[in-house]
Amino acid sequence: MASSVGVDDYALTRVPDHARYSWWSVAVQRFGQISALTQFLLGAALGFGMSFWDAFLALTLGAVILEVVAIFVGIMGAREGLSTSMLARWTGFGRAGSALIGLAIAISLIGWFGIQSAVSARGLVALIGGLPEWAWALVFGLLVTAIVLRGFRSMAWVAYVSVPAFLLLVGWSIGAELTQHDIGALMSSAPPGPQLSLLEGTTLVAGGFITGSVITPDMTRFNRTVGDVVKQTLVGITLGEYVIGLAGVLLAHAARSADITTIVTSSVGWVGILVIVAGTLKINDWNLYSSGLGLVNFVGTVFGKKLNRGVATAVFGVIGSVLAAVGILDQFTDFLTVLGVAFPPIGGIMVAEYFVVRRWRGELDASRARGEIPASSPDWVPATLVIWLISALFGGFVEIGLPSINSLVLAFALYVLAGKLGLVRGVGTASSTSDVVSAKTG
């Protein structure tokens, strides 16, 4: 019965070559992730506290950081065809460590799924009315759940419609506001709010999507080549940061406010609400998709049960929608922020293991040639857990430089050092046999 719920989308196996997509199909979804309402909010925050050209530099530096991380972990996903939490088993974390990663991804992203659903619900109340906000939160959340149940193919088609619609609506709303101002004057004007330093601005940009960069393998496992990963990352992140981010900067200067929602909706009324809904839809499907993959790996590891990805999606979609409807998700913001600090070191460790230390790289290479996953993985890698904890604490409490990047770089350096000293060793061996499911279930 479970197998009939949605599409499993190769949640615990490699994505086979015949199920891969063109780089453009994946690139549209990557761009959709980083061209959402949150990117407008980021741009407005920068514009409220920085000059246009300082904000441009902050966006550039942040984009470069995000692209480097996304490209390296994305290449791993494309080569191996594995999701982030599955790939972690052989990139430094072991089976149990990957379960922790899966759980962190699941909880963090379902929280953001609920928050985004609540944001759209407010927009739908203003646009259509008829239902109370809690009911629209349920409707929007369950609509996204239905899309994600059908897997990557369904999400791709939604992206083909929602991303162009979002860009057209954004162009309309921006044009309606900015045509009332001298663009040259806005670009040379002083920031209207308390000043942000370049370091603070770059931190906002890099921190705003670092989790999305780290879990890039969930998306790039559907890419055909390494070159596709590079192209889609450069196009998606660069356009997302510059087109949407800089539009937010200019709007903040024009309206002398960082409240971008008010700016957009007051400019073009109901069209502004559609901007919010369309922009939220495209990022929220990936929030739910990746949280489902994380839950599948966690349940398979801890309970030894094969949980269908469709079932995981349905369960989390309903939970996230209900939480959005009852309005308690605001209480989770601090918790989600703490989880966000834990993500950057994961990327640093995975990249260090896969490209430098290569303790389990041979097993991945050999099994990839057979189209399978490695027959076994370590249960735990104690050195990794210590490095993960130290790096996360460093990123959370040391207020020098870019916190998310500090923790990522420190994790990378410590793991490479531990590898050179022979400290990267697995404890116990876990068979992967119980996780192998037929590729036909995808």
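Can you tell which of Arg89, Arg95 is charged (D, E, K, R), buried (at least 24 other Cβ atoms within 10 Å of the Cβ) and more than 19 Å from Phe355 (Cβ to Cβ)?
Arg95 is the lone residue from the list that is charged (D, E, K, R), buried (at least 24 other Cβ atoms within 10 Å of the Cβ) and more than 19 Å from Phe355 (Cβ to Cβ).
So, in region 114-165, exactly how many residues are in a loop (DSSP other than H, G, I, E, B) and over 22 Å from the mean Cα position of the chain (by Cα)?
Number satisfying all stated conditions: 5.
Working only within region 166-207, note down all residues that are more than 24 Å from the chain's Cα centre (by Cα), free of Cβ contacts under 8 Å to residues at least 12 places away in the same chain and either under 14 Å from Ala55 (Cβ atoms) or open to solvent by 70 Å² or more (accessible area, probe 1.4 Å) (or both).
Thr179, Asp182, Ser197
Which is farther than 23 Å from Leu364 by Cβ, surrounded by fewer than 24 Cβ atoms within 10 Å (Cβ to Cβ) and touching a Gly at 6+ places or on another chain (Cβ under 8 Å), of Ala106, Ala156?
Being farther than 23 Å from Leu364 by Cβ, surrounded by fewer than 24 Cβ atoms within 10 Å (Cβ to Cβ) and touching a Gly at 6+ places or on another chain (Cβ under 8 Å) holds for just one of Ala106, Ala156, which is Ala106.
Looking at region 244-254, can you tell me whether even one residue there is farther than 30 Å from Thr84 by Cα, open to solvent by less than 30 Å² (accessible area, probe 1.4 Å), touching an Asp or Glu at 6+ places or on another chain (Cβ under 7 Å) and at pLDDT 80 or above?
yes
If you go through region 322-343 one residue at a time, do you hit one that is modelled with pLDDT of 90 or more and buried (at least 24 other Cβ atoms within 10 Å of the Cβ)?
no
Restricting attention to region 208-226, report how many residues are open to solvent by less than 40 Å² (accessible area, probe 1.4 Å) and outside any loop (DSSP other than H, G, I, E, B).
11
Looking only at region 407-438, which residues are aliphatic (A, V, I, L, M), open to solvent by 50 Å² or more (accessible area, probe 1.4 Å) and at pLDDT below 60?
Val436
Looking only at region 42-92, which residues are farther than 30 Å from Arg256 by Cα and aromatic (Phe, Trp, Tyr)?
Phe72, Trp90
Could you tell me whether Ala2 is closer than 18 Å to Val158 by Cα and at pLDDT below 90?
For Ala2, the condition - closer than 18 Å to Val158 by Cα and at pLDDT below 90 - is not met.
Given the criterion out of contact with any Phe, Trp or Tyr (no Cβ under 7 Å at 6 or more places or on another chain), open to solvent by 20 Å² or more (accessible area, probe 1.4 Å) and touching a residue at least 40 places away in the same chain (Cβ under 8 Å), identify the matching residue among Ala137, Ala126.
On inspection, the qualifying residue turns out to be Ala126.
Which count do you get for residues in region 343-380 that are in a loop (DSSP other than H, G, I, E, B) and either under 23 Å from Val69 (Cα atoms) or small (Gly, Ala, Ser) (or both)?
5
Residue check: is Ile75 open to solvent by 10 Å² or more (accessible area, probe 1.4 Å) and within 27 Å of Lys420 (Cα to Cα)?
yes
Read through the list (1) open to solvent by less than 50 Å² (accessible area, probe 1.4 Å); (2) farther than 20 Å from Arg79 by Cβ; (3) at pLDDT below 95, then give the number of the only condition that Ile373 fails.
(2)
The values are calculated or read from the model by the stated rules, or taken from the named source; none is laboratory data. Keep in mind the model is a prediction, meaning the values are calculated, not measured. Note that we place each Cβ from the backbone using ideal geometry, even for glycine, and neighbour counts take in every protein chain shown. Keep in mind that these areas ignore ligands, DNA and RNA; they rest on the heavy atoms of the full protein, side chains included. Shrake-Rupley method; radii C 1.70, N 1.55, O 1.52, S 1.80 Å.
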